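Asker: Below: one structure in structure tokens.
Derivation of every value follows stated rules applied to the coordinates shown; laboratory data play no part. Predicted model only: the values in this text are computed from it and were never measured. Backbone-built Cβ (ideal geometry, glycine too); neighbour counts: all protein chains shown.
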Amino acid sequence: MNVRPARISDAEAICPLVNYYAERGRMLHRSLESVYDSLREFYVAQDDDGSIVGCVAVDIFWADLAEIKSLAVAREHRRGGLGTQLVAAAIEDAQRLGVKRLFTLTYEQEFFGRQGFKVIDRQKLPDKVWRECVACPKGEACDETAMIITLDGHR
Ligand SMILES: CC(C)(COP(=O)(O)OP(=O)(O)OC[C@H]1O[C@@H](n2cnc3c(N)ncnc32)[C@H](O)[C@@H]1OP(=O)(O)O)[C@@H](O)C(=O)NCCC(=O)NCCS
């Protein structure tokens, strides 16, 4: 299994990975256009046979803040350490960019807790963070947990 920055040829595989979970209310839907737009933000996990079986993106918000998003591991590959590897790649990328704080909005509190993320009051995140919520069917009824990791001195 190889975790690497995404290539253009990965976009068509990223979409169904994310949208499988989006259809089950676990994350936001991504159009193929939005994946191409933000392809440089993505890392993918590639199986030995060349299939894309996981993805993650780091979206920069402001000088000191970025979001880890669209984290998905194909159902049959879950619980094999891939999610951990993808989050590690996202953290490394964020550190390379000089990001100080990396947050996520998630239902996977236990998983992100194991990766060093801490729960924070979502109201403490800047308003800009909620710009994508207009596209979410849950709207005001959002029940995701906000979690954050400070990267200074991390690793
Ligand atoms: C969350 C997700 C990315 C985790 O990926 P994964 O490859 O299954 O995770 P890992 O195998 O690296 O798990 C790391 C550890 O967390 C545990 N873990 C994984 N998912 C867990 C869960 N839902 N609840 C509790 N523990 C979990 C694993 O058992 C493992 O423990 P270990 O280190 O003691 O072995 C994956 O389950 C997924 O794609 N979920 C659906 C989409 C989603 O909700 N994404 C997050 C959006 S923010």
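Asker: Principal axes first, then extents: for the Cα atoms of the chain, list largest minus smallest coordinate on each axis, whole Å, largest first.
Answerer: Reported extents, whole Å, longest axis first: 43, 37, 28.
Asker: Using bins 10 angstrom wide from zero, how does P(r) for the range 74-155 break down, in % of all Cα pairs?
Answerer: 15, 44, 35, 6
Asker: Okay, which of the range 71-100 sit inside 17 Å, backbone N to the point 7 Å along the Cα-Cβ direction of Asp49?
Answerer: 74-78
Asker: Where in the range 44-70 does the amide nitrogen come within less than 14 Å of the point 7 Å from the Cα of Glu76, taken along Cα to Cβ?
Answerer: Flagged as within label range: 47-54.
Asker: Still on this structure, please answer the following. How many nm separate the modelled label positions at Arg7 and Glu110, each set 7 Å beyond the Cα in the direction of the Cβ?
Answerer: Taking the two extended label points, one gets 3.7 nm.
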